[in-house]
Each structure stands twice: as structure tokens, then as C-alpha cells.
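**Q** Dropping the structure in here first, questions after.
The values are calculated or read from the model by the stated rules, or taken from the named source; none is laboratory data. All figures in this text were calculated on a predicted structure; none of them were measured in a lab. With ideal geometry, Cβ positions are generated from the backbone for all residues, glycine too; neighbour counts draw on all protein chains shown. In case anyone asks, the SASA skips ligands and DNA or RNA and just uses the protein heavy atoms, side chains included. Shrake-Rupley method; radii C 1.70, N 1.55, O 1.52, S 1.80 Å.
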Amino acid sequence: MASLSVKPGQRFTLPDWQNNSHLISADAEQQRYTSHHIRQEGRALRNETGNQARWDEHNNRTRLNERITSVDRWREVLARCLTELDLEIDALTKVKEGAENTLQAKNLCLDVAIECLTFRESRRDIDVVRDPVEEELQREVKVIEKIKKELQQRVDEAFKQLCILKETRQQLSCDHRHKVETLELDRQCLSFNVTSGNISFKVNPTRIPDGTTALREWELNSQCNKERADAELKASVELRGAIMLTIAQTNNELDAQRIATEFALRKRIRDMEGALSELKWQERNTLDEIAEMEEEIRQLEEDLRKRTLDLKVAHTRLETRTYRPHVELCRDQAQYGLTDEVQQLEGIIRALQQKRTESQDALDGLYRQLHRIQTDIGYKTNSLQLDNKCMDTRRKLVIPVEKFEPEVDAVNRTRNLPRNSQLELA
């Protein structure tokens, strides 16, 4: 008789089977719920981050546009200032040349007055009298010398103002060039997008580069450059007006007064001798000051060398202490003291270097001044010799006035002398 075979193994009850089915269904529903919740959160996150990224990019694009507009506006302002500076430099140069030509033209009037007085020095006996003609001639020479001095002062002022204008233009040009470069970079940044071929990750892009300035400092720098340019332009315009007024006034004054040549030459010789004595005294004092300044620079360099050695010692100590093992590598009082010492020594070295630079600049200025004094001594010695020669020559003149021939170019004879030999009043 056949028997029913029973499969060996564990047997579950119907409730177990039902519970298992319910558990699987519940787990499936929970997993679907969790997945749905995560999908919803992911969708919300994508929407939020996408909107945030688009708004951030839009806002930064707007900021870049505003910055480009601001920089471009300053670029236009500086460009106008540069144009005005160029025009003013040309105008002031022409006025300066006009003043120099006027100054040069006064030499002819001076030579004529001197020639007249030279003729009158040939008078003898009772005719050697200080008459009104001689007095007028003396006043005329004084006025001419005063005019030349005023014109030379105006020429010097124009030269200095031209130097200031060119310096201001160079500073404005540098600022303008930097703003043009900045505009190119910001416009390049504005053109970048996700499809650009030259975008990539950079190392520490959020760092603050050395030399970064604040926006207020940038605005103040541009504003200061513009205000300086405006101030120098105003000063130059006023100087041009003053030069033109001086030329007009001197031309009117020239028709009124002259000086006696004999009196002017004697006074000039006395003044020249006094000036030479003063210059030689200045030369001696300047040489003494140069020697003292050179010794001071040597002392500064010696102190700088000593402080540099001290700094090397402090650096070596700090570096050596970095090799302390484990917990011994602590910031103790010695560490703080060495750090303070390094900072103090670095400050001292900077101060000594600054003072050495200032001392060297002062020494260079002393050498330039010494060269100027020695050159001026040479000029004044030459002028004194010429004045003495003129005095000797004038005493030899015996040509009567009625025999004077106007065709003789007596003016060019004196105008051919070196420029520094022109007769001047102190």
C-alpha cells in the first residue's frame, strides 16, 4: 500500500504566512513613501538651488554691469581731464615761450640804454654832471632789470607748473590705463557662461589678493586724482593770465624808466663780490655738512647691520624651537617674546632703512646743492670778470656823441656775450 511522502523541513502556520505577506506589503508601502518623500525633497532642493543659482548669477551679472558702468564713467571723466590737461600744457607752453621771447627782447632795450650811458661817460670836466637825462637813463635800466626779473620769475613759475601738470597727467594716465584694463577684465567676466570654453576650477578663488583696496579707497583715489587735475588746471589758467598780464605791464613800464650804467655796474660788482663771499661761505658749510652726513650714513648702515644680525638670531631661535617634540611644542613666554622681538627688530630695520634712504636723499641733495653753488661761483666769477672788464672798457671810451654812427651794430657786440654775463641789478 502506497504512503504519502512528507517533505522534510520546518512547517509554517497559515497566520505566519499571512503575517509575512502583510509585512512585505507594509515594508513596500513604507519604502515607496520614503522614496516619494525623498523625490519630493530632491525636486524641491533642485528647484530651490536652481532658482538660487540663477538669481545669484543674475545679481552678480547686475553688479558687474553696475561696476562696469561706474568704472567706465570714471574712465570718461579721466579721459576728459587728460584732454584738458593736454590742451592746458600746450597753452601754457606757448605762453611760457612768449614770456621767454619777451624776456629775450628786453636785452636789446637794455643794451641801448647801456650804450647811451657809455657814450655819456666820455664827458669831461664840468660836463661830467648828473643831469636829468642821466637820472632817467638810470631809472630805465632799473626798470628793465626789474622787468627781466619778473619775467624770469614767471618763466620759472610756468616751468614748475608745466612739471606739475605733466606729473599730474602721468598719474591720471596711469589711473586711466588701469581702469581700461579693469573694464576689459570685468567685461570678460560678464561674457562668461556655462558654455564658455575657458572656465575651470581655480585654487582658492575666494582669497583676498595682496594689495586689495576698499571701495571707498578706490573712489577716494579717483576723486583725488580728478580734484588734483582740476586744481592744477585752475592754477595753470590763473598763471597764464598772470603771465600775460605781466608781459603787458612790463611792456608799459619799459617806456618809462632807465638806470645809469656806471652806477649799475659798480653796484653790481659790489653785490657780486658779496654774493661770491656768501657762496664760498655756503660752500664751506655744505662741505662740512656733507662730511657729517656721510658719517651719519655710515653709522646708520652699521646699526642696520647689527640689527640684521639680531634678527637672524631671533629667526634662528624661532626656527630651532619648532623642532621641539610633541607637547613640548607649546607657545610659551619665550615663544611670545621671540615673536615680539622679531616684530620689533623688523620695525627697527624698516625705520633704519627709511632713515638711511632719507639721509642718502639728503646727502644727494647736498651734493646737488654743492654742485649748484660751485657752478654759481663759476658763473658769478665769470660775470664779475666781465663787469670789471666793462668798467675798464667804459673808462677808455672817448668817442664824442656827434661822431657816433648808428650803422655800427653796438647792440650785437654786447648781446654776443654769454647769457650769464648780461648786466643785472641786485
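**Q** Within the accessible area of region 281-388, what % is carbon and sulfur when the probe is 1.4 Å and the other protein chains stay in place? Please list the in-between numbers first.
**A** On the way: 3830 of 7420 Å².
Answer for region 281-388 is 52 percent, counting heavy atoms of protein chains only.
**Q** Probe 1.4 Å, all protein chains in place: accessible area of residue 174 in Å², nearest 10?
**A** Approximately 40 Å² of residue 174 is accessible to the 1.4 Å probe.
**Q** With all protein chains present and a 1.4 Å probe, how do 348, 24 order by accessible area, largest first? Show your work: numbers first, answer last.
**A** Numbers: 348 70, 24 100 Å².
Putting 348, 24 in descending order of accessible area: 24, 348.
**Q** Please compare each pair in 94/148; 166/280; 226/355 to a cut-off of 29 Å on the Cα-Cα distance and tell me which ones are over it. Don't jump to the answer; show the numbers that get you there.
**A** On the way: 94/148 18 Å; 166/280 36 Å; 226/355 33 Å.
Too far apart for the 29 Å limit: 166/280; 226/355.
**Q** Right, here's the next one. Figure the gain on full extension for residue 163 and residue 244 (residue separation times 0.36 nm, minus the Cα-Cα span) and round it to one decimal in nm.
**A** Values: separation 81, 0.36 × 81 = 29.16 nm, distance 1.96 nm.
In short, 27.2 nm is gained.
**Q** Using a simple spin-label model with points 7 Å from Cα along the Cα→Cβ vector, what separation in nm is obtained for residue 321 and residue 357?
**A** Between residue 321 and residue 357, the label points sit 3.1 nm apart.
**Q** Could you please put 356, 305 in sequence from largest to smallest accessible area, using a 1.4 Å probe?
**A** So the residues, ranked largest to smallest area, are 305, 356.
**Q** Right, something else. Rounded to the nearest 0.05, what FRET efficiency is calculated for residue 56 and residue 191 with R0 set to 30 Å and r the Cβ-Cβ distance?
**A** Values: r = 18 Å, r/R0 = 0.59.
Calculated transfer efficiency: 0.95.
**Q** Also, I was wondering about something else. For 96, 202, 280, write out the residues from largest to smallest accessible area, computed with a 1.4 angstrom probe and no ligands counted.
**A** On the way: 96 35, 202 130, 280 100 Å².
So the residues, ranked largest to smallest area, are 202, 280, 96.
**Q** Here's a follow-up. Once phi is turned into θ = phi - 60°, what whole-Hz ³J(HN,Hα) does the Karplus curve with 6.51, -1.76 and 1.60 give for every residue of region 13-23, x standing for Gly and Pro?
**A** Taking θ as phi minus 60°, the curve returns 8, 4, x, 5, 5, 5, 4, 5, 5, 4, 5 Hz for region 13-23.
**Q** Using R₀ = 45 Å, calculate the FRET efficiency as 1/(1 + (r/R₀)^6) where r is the Cβ-Cβ separation of residue 46 and residue 177; round to 0.05. Walk me through the numbers on the way to the answer.
**A** Numbers: r = 46 Å, r/R0 = 1.01.
Calculated transfer efficiency: 0.50.
**Q** Just add up the charged neighbours of residue 23: K/R +1, D/E -1, any other residue whose Cβ is under 13 Å from the Cβ of residue 23.
**A** Working: positive: none; negative: 16, 27, 29.
Summing Lys/Arg as +1 and Asp/Glu as -1 gives -3.
**Q** Ignoring everything but the protein chains, give the 1.4 Å probe accessible area of residue 284 in square angstrom, nearest 10.
**A** Here the residue's solvent-accessible area equals roughly 130 Å².
**Q** Report the net charge of residues surrounding residue 227, where surrounding means a beta-carbon distance below 13 angstrom and charges are Lys +1, Arg +1, Asp -1, Glu -1.
**A** On the way: positive: 226, 228, 234; negative: 175, 219, 230, 232.
Surrounding charge for residue 227 is -1.
**Q** Using the Cβ atoms and a cut-off under 9 Å, what net charge is assigned to the surroundings of residue 172, where Lys and Arg are +1 and Asp and Glu are -1?
**A** Working: positive: 169, 226, 228; negative: 175.
Combined, the nearby Lys, Arg, Asp and Glu give +2.
**Q** When all protein chains stay in place, what accessible area (Å², nearest 10, 1.4 Å probe) is found for residue 327?
**A** For residue 327, the solvent-accessible surface is approximately 120 Å².
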